[in-house]
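Student: Just dropping this structure here.
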Amino acid sequence: MNFKNLITALAISILVFNCSSGDDSTEPESTPNPNPNPSGKITYTGNIRSIMSGNCTSCHGSPTSNGAPTSYTTYNQVRNDVDKIISRINNASNPMPQNGLMPLATRQLIQQWKDDGLLEN
Ligand code: HEC
């Protein structure tokens, strides 16, 4: 290999190196929707409050109505009664809400909330 060929080979290899190293600087795609709850755990604010307001607080509101004995409008009220709540929402012969069981996935979410430690947020 003569000197000229050596220079040419060197120039080509520098070119190739520059091009391939350019790929390394490619930015990773930005994450458009970062998970607001990275732990993935069920929380009162994130999951449970809306179930209660959609299915229960028409009677278990503050104040209560339609003869309901308890308010379920705050984290503490729901947390303190979670065992009674889980029992009644799964009781087909005496269900809460009274007009019939909620979908299984909704009921399982409340059980999962308990299993995850009754987190508020
Ligand atoms: C249409 C009104 C109404 C709705 C909606 C309703 N409840 Fe009730 N709830 C009552 C009444 C009335 C009682 C008392 C009679 C009884 O225990 O069946 C009661 C009792 C309960 C009790 C027993 C409380 C205790 O201290 O013994 C629990 C737990 C309960 N409800 C949970 C719920 C949950 C959870 C929801 C929503 C998923 C819900 N209820 C929706 C009217 C309602």
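The values are calculated or read from the model by the stated rules, or taken from the named source; none is laboratory data. Note that the coordinates shown come from a computational prediction; the quantities given were computed from them, not determined experimentally. Quick reminder, even Gly has a Cβ in these numbers, built from the backbone with ideal geometry, and neighbours come from all protein chains shown.
Student: Pairs, please: C-beta under 7 Å, at least 6 apart or cross-chain, first residue touching a residue at least 60 places away in the same chain (Cβ under 8 Å) and in the stretch 97-118, second among the polar types (S, T, N, Q) and surrounded by 15 or more Cβ atoms within 10 Å (Cβ to Cβ)?
Tutor: Partner pairs satisfying both residue conditions: LEU109/ASN47; TRP113/ASN47.
Student: For ASP23, all conditions in the list (1) modelled with pLDDT under 55; (2) surrounded by 10 or more Cβ atoms within 10 Å (Cβ to Cβ); (3) not hydroxyl-bearing (Ser, Thr, Tyr) hold save one; what is the number of the exception?
Tutor: Among (1) modelled with pLDDT under 55; (2) surrounded by 10 or more Cβ atoms within 10 Å (Cβ to Cβ); (3) not hydroxyl-bearing (Ser, Thr, Tyr), ASP23 violates only (2).
Student: Let me ask another. Looking at GLN77, GLN111, which one is more than 11 Å from the ligand (Cβ to nearest atom) and surrounded by 14 or more Cβ atoms within 10 Å (Cβ to Cβ)?
Tutor: Numbers: GLN77 fails: more than 11 Å from the ligand (Cβ to nearest atom).
Going through GLN77, GLN111 in turn, the sole match is GLN111.
Student: Among ARG49, ARG88, which is within 8 Å of the ligand (Cβ to nearest atom), basic (Lys, Arg) and out of contact with any Phe, Trp or Tyr (no Cβ under 6 Å at 6 or more places or on another chain)? Give the steps one after another, and end with the answer.
Tutor: Numbers: ARG49 fails: within 8 Å of the ligand (Cβ to nearest atom).
Result: ARG88 is the single residue among ARG49, ARG88 that is within 8 Å of the ligand (Cβ to nearest atom), basic (Lys, Arg) and out of contact with any Phe, Trp or Tyr (no Cβ under 6 Å at 6 or more places or on another chain).
Student: Another question about this same structure. Counting only residues that are near the ligand (Cβ under 7 Å from one of its atoms) and either in contact (Cβ under 8 Å) with a residue 24 or more places away in the chain or over 26 Å from the mean Cα position of the chain (by Cα) (or both), how many does the stretch 52-73 have? Talk me through it step by step, then tell me what you get.
Tutor: Step one: of the stretch 52-73, the residues near the ligand (Cβ under 7 Å from one of its atoms) are 52, 55-56, 58-60, 66-70, 72.
Now drop any that are not either in contact (Cβ under 8 Å) with a residue 24 or more places away in the chain or over 26 Å from the mean Cα position of the chain (by Cα) (or both), which leaves 52, 55-56, 59, 66-70.
So the answer is 9.
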